[in-house]
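Contents: one structure, followed by commentary.
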2 protein chains.
Amino acid sequence: MTAIKELGEFKLIDKLMEGFEIKNESTKLSVGDDCAVLDYKNKQTLVTKDLLLEGVHFDLTYCPLMHLGYKSAIVNFSDVYAMNGKPKQMIVGLGVSKRFDVEDMQELYAGMKLACDKYGVDLVGGDTTASLTGLTISITCIGEAEEGKISKRSGAKDTDLICVTGDLGAAYMGLLLLEREKKVFDKGGDDEPDFAGKEYLIERQLKPEARKDIIEALERINVVPTSMMDVSDGLSSELLHICKASGVGCRIYEDRIPIDYLTAQMSEDFKLNPTMAALNGGEDYELLFTVPLSMFDVFSQLNNPKVTIIGHITDASLGAKIISSDGGEHDITAQGWNSLAE
Amino acid sequence: MTAIKELGEFKLIDKLMEGFEIKNESTKLSVGDDCAVLDYKNKQTLVTKDLLLEGVHFDLTYCPLMHLGYKSAIVNFSDVYAMNGKPKQMIVGLGVSKRFDVEDMQELYAGMKLACDKYGVDLVGGDTTASLTGLTISITCIGEAEEGKISKRSGAKDTDLICVTGDLGAAYMGLLLLEREKKVFDKGGDDEPDFAGKEYLIERQLKPEARKDIIEALERINVVPTSMMDVSDGLSSELLHICKASGVGCRIYEDRIPIDYLTAQMSEDFKLNPTMAALNGGEDYELLFTVPLSMFDVFSQLNNPKVTIIGHITDASLGAKIISSDGGEHDITAQGWNSLAE
């Protein structure tokens, strides 16, 4: 165990950067100067940022530091893919309290390195500082996209198909499971948590992936979604963002929402409606996008990677609605995770 | 007074962004999507990040929120100028505890807007979230630079002149003054703090500026510094960074270090050596740069903006030295502010 104060900021950064290699031609200058230098030539530049605070966004009781490093990178990559772009560089701001030692930070960075290697992203800079309480992680991701091929939230048109990748609600079920086991542990239960058969839910929560494969598949079939977002706050919240930004309405069908068998099963255990987990759970990091109706044949048959058509865009006057399995029509309301709301 | 939870994240962002306007052609898409979209055409892209944590980097007892907003933007702009670039966009990550209300955040953003307006920077995105304790500010600044005209830390050559802009040590004296008055206040002293005649020192600490004027002056006289940094941790620390990155030594002269009369006077009050304040105080946000010896005539006469030649670069074998006023030669050691060191 090495205390961080023994190294100081600059030696700590040197140590954490060991093993990171530059993979992208667009990275002209990396860690070690006042700025990183990038050159995207004729491509456009995408920039996104996520701030993760201990106790608000993660709980180190059940989230290992390596997983946290991985996830904090992934959630940023996901935002770049959600514009139909490709993440290329990231910068890490770290606030560290005295509770953490050098080895802890190395674990966190090992997770980031795994993510960077898998997604082809360069870690090009950062700012590492002391914090009075807990761990603060601020990541900025920079990516590239071709002009005219960027999918914003604002491009959805009446009659467009609404598509979603993978399945929804599993990350939320994973969180509920982890919280339940934590409570057992806090009460002095000495049983090891039993997640047998539920690994998928835990993994969706602790080690999500970003949908690089979808962006590559869209490129192969030469489709640019008219609008796109990643599902981080919950399907409802993201749908409403697209409707608002595009000035349209939408109609989705409850029985079309892709929900994994395990998610449905766990929902039952928790006496929850699995549709509500999918609509409001969040942290799935799947892609929600719209394409013209003429794409129906392509997308209704897309199984690898899996894409599901869950409904269509309507005129704004028709509102944002979900048709439940019993045929009832309900307003979509955002009850997704919002750390600042009541 | 409006509680932040009454608005929630998205309405808060809408409110905070009121009055911000896009000023740069390179800003293609701003706040409101998964990413901001930038287009720097044939320019290169600079990226820098600073993380500011309450209790570590700022003390709200004496730092008004508007000043804090201004300063947190400026320290990032300064990093971009330090590469011989121009800041164009910034992204703000904010972690806010329940202690703060909507009006507090509006004050903070008013300060950022002042900085953005003065320096021609667009605020293009961010992430706003709850925090358990205190205020967390994470700013990423993106800027542009011409290929071949970027000044890194690594380009200083033997015999180059070492130049520094403005004067050094005043921000540190301002901090000592503020801390002294805070102690009086904490002890129940009911006198208003008396900063009469010392406004310059207080302003250097609470409302620093970035040296846009220097970068513009260098452009006018068509000079690209061989190396450059901004003085944020202290002159000693920055000189050692340049020497290490460039593989050179340096020799600076104590009596050449530009120190304002007020800084010298306050140092005496505090029984401190003003040279030590300049070498190790930090937060001056002046530029330290090197230029070829042939530039001597140009830079020895540069008074507006003020630039002082404080020494020259040497072979690495000669080490990094300061020649004191009495002619003695001393090693330069970094004792600058380092939140992670002992």
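So how much accessible surface do A and B hide from each other in total, probe 1.4 Å, in square angstrom to the nearest 100?
That pair of chains buries around 5400 Å² in total.
Could you compute the net charge surrounding residue B:45? Neighbours are other residues with a C-beta less than 12 Å from the C-beta of residue B:45; K and R count +1, D and E count -1.
With Lys, Arg at +1 and Asp, Glu at -1, the net is +2.
Compute, for chain A, the length of the dipole vector about the Cα centre, with Cβ point charges of +1 (Lys, Arg) and -1 (Asp, Glu) only. Units Debye, rounded to 20.
Using Cβ point charges on Lys, Arg, Asp and Glu, chain A gives about 700 debye.
Using a 1.4 angstrom probe and counting only protein chains, how large is the accessible area of residue B:81 in Å², to 10?
10 Å²
Over chain B, one equal point on each Cα, no solvent: what is log10 I(q)/I(0) by the Debye formula at q = 0.12 Å⁻¹?
For chain B at q = 0.12 Å⁻¹, log10 I(q)/I(0) is -0.90.
Go ahead and run the numbers for FRET between residue B:185 and residue B:6, Cβ-Cβ distance against an R0 of 41 Å, rounding to 0.05.
About 0.80, to the nearest 0.05.
Hey, what do the phi angles of the range B:25-42 turn into as Karplus ³J(HN,Hα) couplings, whole Hz, using 6.51/-1.76/1.60 and θ = phi - 60°, x for Gly and Pro?
3J(HN,Hα) across the range B:25-42, in whole Hz: 5, 6, 7, 8, 8, 10, 3, x, 10, 5, 9, 7, 10, 10, 9, 9, 6, 8.
Of A:5, A:71, which has the most accessible area and how do the rest follow, probe 1.4 Å?
A:5, A:71
Could you give the DSSP H helices of chain A that reach 20 angstrom or more along their long axis (alpha carbon positions) and whose average Kyte-Doolittle hydropathy is no lower than -0.5?
A:65-81, A:102-119, A:170-186
Could you pull the accessible area for residue A:88 with a 1.4 Å probe, rounded to 10 Å²?
40 Å²
Carbon and sulfur: what percent of chain B's accessible surface (1.4 Å probe)?
Carbon plus sulfur share of accessible area: 50 percent.
For the range A:101-182, what is the charge dipole size about the Cα centre, in debye to the nearest 20, if Lys and Arg each add +1 at the Cβ and Asp and Glu each add -1 at the Cβ?
Computed charge dipole of the range A:101-182: roughly 360 debye.
Give me the accessible area per residue for the protein assembly as shown, probe 1.4 Å, as a whole number in Å².
Spelled out: the 1.4 Å probe surface of the protein assembly as shown, per residue, equals 41 Å².
Quick query: amide H of residue A:227 versus all other amide H atoms, modeled in the peptide plane; which residues come in under 5 Å with a sequence gap of 5 or more or a different chain?
Here A:290 satisfy the definition.
Mind listing the long-range amide H neighbours of residue A:314? Cut-off is under 5 Å, sequence gap 5 or more, other chains count too, H placed in the peptide plane at 1.01 Å from N.
Answer set, sorted by chain and number: A:159, A:249, A:250, A:251.
When the solvent-accessible surface of protein heavy atoms is calculated with a 1.4 angstrom probe, in what order do B:99, A:256, B:153 fall, highest first?
Largest accessible area first, the residues go B:99, A:256, B:153.
Output the Cα-based Rg and Dmax of the protein assembly as shown in Å, rounding Rg to one decimal and Dmax to a whole number.
26.6, 91
I need the calculated FRET efficiency for the pair residue A:318 and residue B:298, taking r as the beta carbon distance and R₀ as 60 Å, to the nearest 0.05.
0.30
Among the residues of the range B:134-167, which ones have their accessible area go down by 50 Å² or more when all the protein chains sit together, as opposed to their chain alone (1.4 Å probe)?
Output list: B:153.
Just to be sure I understand the interface: list residues from the range A:84-104 that lose 40 Å² or more of accessible area between the chain on its own and the complete protein assembly, 1.4 Å probe.
Correct list: A:91.
Along the Cα-to-C-beta direction of residue B:220, a point sits 7 Å from the Cα; which residues of the range B:157-181 have their amide N less than 16 Å from that point?
Inside the label zone: B:166.
Run the 1.4 Å probe and let me know the accessible area of residue B:312, rounded to the nearest 10 Å².
60 Å²
Ignoring everything except DSSP H segments at least 4 long, calculate the 222 nm mean residue ellipticity for the protein assembly as shown; use -39,500 (n - 2.57) per segment, divide by total residues, nearest 500.
-10500 deg cm²/dmol
The values are calculated or read from the model by the stated rules, or taken from the named source; none is laboratory data. Owing to the predicted nature of the structure, the values given are computational and were not obtained by experimental measurement. Neighbour counts are summed over all protein chains in view; Cβ atoms, including those assigned to glycine, are modelled from backbone coordinates with ideal geometry. The accessibility values were calculated without ligands, DNA or RNA, using every heavy atom of the protein model including side chains. Shrake-Rupley method; radii C 1.70, N 1.55, O 1.52, S 1.80 Å.
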